[in-house]
Amino acid sequence: MANILVVGSISTDLVVNADRKPEIGETIEGKEFQTFFGGKGANQAVACARLGAQTAMAGAVGEDEFGIRLLENLTYNQVSIDQVVRIKEHASGTALITVVEGDNSIIYVAGANRQFTPEKLFQTEEQLERLKASDIVLVQNETPVKTIEKLILTCQEYHVPVLYNPAPARLISEEWIEKVAFLTPNETEFKVLFPDKTMEEMLFKYPSKLIITLGEDGAVFCNGEKIISIPAFPVERIVDTTGAGDTFNGAFAVAYAEGKTIEESVRYANKAASLSIQRSEAQNGMSTLENLKAFFK
Ligand code: RIB
């Protein structure tokens with residue numbers, strides 16, 4: 001069984017479905033409003049756990065009602081929460097999401113997630129032992145930069161591979177990219193990470209490390225000799241793309257930790273992501289091992 005640690009955000013998603021996005025200064029009527037469990041970190045942890053990995057989450061929630069429910073949800077999904085801290089002075093993280101014709105746009109409010117500072121990362125010997133025993137560690141950009149850097153250095157020290165999903169996008173120096181095993185931007189994040197560079201150029205620069213997700217065009221990486229393009233699985237109707245990237249990253253990590261090649265792991269991740277976009281909300285569409293197997297039998 002794969003053993004995975006996810007360091008990242010744990011948030012509540014406030015989701016509005018609408019026919020279109022409002023113009024500046026305009027008010028429009030939405031179709032529906034719902035509250036869901038989210039946060040890129042928590043989503044990726046749930047994706048890993050549902051696909052059969054022993055999964056632990058490290059992050060922070062507030063001491064509010066939302067925080068209680070966010071922790072209950074992780075426990076319900078069999079994600080260990082021993083490394084999730086509760087922060088008194090800050091509300092739990094929130095994301096305001098607008099879904100128009102299946103595509104989402106998100107405003108993220110970090111709240112307690114921003115308080116997951118480096119010293120909260122490994123507070124006990126046991127937590128450090130868990131890191132050392134992990135097959136892979138996942139992290140995204142909804143966690144403070146200093147915490148991400150400490151995590152990467154600690155993983156490097158103990159030879160634990162890091163999958164860094166640079167979402168939301170921000171510039172990352174070469175020094176840090178060198179230290180991680182995988183970097184998984186989508187197209188938009190790629191442009192922020194490597195302005196003025198072509199995908200081809202960067203894929204060859206970072207073979208077997210840089211994996212770019214391309215939505216309905218699947219994902220690409222370079223095996224050192226050529227660029228490998230793995231198509232997405234066609235779906236009849238896209239309901240909601242929220243969390244598709246998280247599903248991809250979680251599924252990729254599980255497959256890779258179980259010993260599959262990068263190509264096999266990307267294929268597996270594409271399958272999981274294609275199922276996730278056929279249901280609404282980030283975590284709702286994430287498959288269990290059983291329904292993924294049944295669907296692609
Ligand atoms: O990747 C999707 C997630 O990003 C949402 O669940 C939301 O919490 C946002 O931060």
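Distance from the alpha carbon centroid of region 182-240 to that of region 7-66 works out to 24 angstrom.
With one equal scatterer per alpha carbon and no solvent term, the Debye-computed log10 I(q)/I(0) for region 97-202 at 0.11, 0.16, 0.18, 0.20 1/Å reads -0.41, -0.81, -0.97, -1.12. Entry note: region 207-263 has Rg to Rh equal to 0.99, where both radii use alpha-carbon atoms and Rh is the Kirkwood radius. Rounded to the nearest 500, the 222 nm mean residue ellipticity of the chain from helices alone is -10000 deg cm²/dmol, with -39,500 (n - 2.57) taken per DSSP H run of at least 4 residues. Kirkwood hydrodynamic radius of region 16-131, from the reciprocal of the average inverse Cα-Cα distance over all distinct pairs: 15.8 Å. Considering every alpha-carbon pair of region 203-297, the percent of pairs per 5 Å bin, from zero through the bin containing the longest distance, is 3, 15, 24, 26, 17, 9, 5, 1.
Direction-averaged projected area, Cα convex hull, region 149-200: 3.7 nm², rounded to one decimal. Taking only the Cα atoms of region 156-236, the ratio Rg/Rh comes out at 0.98, with Rh defined as the Kirkwood radius. 3J(HN,Hα) along region 30-45, derived from phi through the Karplus expression 6.51 cos²θ - 1.76 cosθ + 1.60 where θ = phi - 60°, amounts to x, 8, 7, 10, 9, 10, 10, 7, x, x, 4, x, 4, 4, 5, 5 Hz, with x in place of Gly and Pro.
Amide hydrogen proximity for residue 109: with H placed 1.01 Å from N in the peptide plane, the residues at 5 or more positions away or on another chain lying under 5 Å are 94, 95, 96. Ignoring the sites themselves, the chain has its longest run without GluC sites (Glu not before Pro) in a DSSP loop having at most 15 other Cβ atoms within 10 Å at 102-224. Taking the Kirkwood radius as Rh and the Cα radius of gyration as Rg, region 46-107 has a ratio of Rg/Rh equal to 1.05. Applied to region 144-150, the Karplus parametrisation 6.51 cos²θ - 1.76 cosθ + 1.60 on θ = phi - 60° returns per-residue 3J(HN,Hα) values of x, 3, 4, 5, 4, 5, 5 Hz, with x for Gly and Pro.
Between amide H atoms placed 1.01 Å from N, distances below 5 Å from residue 219 occur with 214, 230, 232, all of them 5 or more places distant or on a separate chain. For residue 82, the amide hydrogen comes within under 5 Å of the amide hydrogens of 57, counting only partners 5 or more places away or on other chains and with H modelled in the peptide plane. Using all pairs of distinct alpha-carbon atoms, the Kirkwood hydrodynamic radius of region 67-152 works out to 14.8 angstrom. Evaluated at q = 0.12, 0.15 Å⁻¹, a Debye calculation over the C-alpha positions of region 1-84 (equal weights, vacuum) places log10 I(q)/I(0) at -0.44, -0.60. Electrostatic bookkeeping for residue 204 treats Lys and Arg as +1 and Asp and Glu as -1; over the other residues with beta carbon under 14 Å from its beta carbon, the sum is +1. Radius of gyration (Cα atoms) of region 237-278, expressed as a multiple of 2.2 N^0.38 Å: 1.13. Counting every other Cβ atom within 10 Å of each residue's Cβ, 46, 100 order from fewest to most as 100, 46. Taking a threshold of 27 Å on the Cα-Cα distance, which of the pairs 146/260; 31/293; 191/226; 197/271; 40/88; 150/209 fall above it? Table pairs above 27 Å Cα-Cα are 146/260; 31/293; 197/271.
By the gyration tensor of its Cα atoms, with a ≥ b ≥ c the square roots of the eigenvalues, what is the shape of the chain: rounded for a/c under 1.5, prolate for a/b over b/c, or oblate? Rounded.
FYI, it's all coordinate maths here, none of it is from the lab. Just so we're clear, the structure is a prediction, and the values are computed from it rather than from any experiment. FYI the Cβ positions are ideal-geometry reconstructions off the backbone, even for glycines, and counts take in every protein chain you see.
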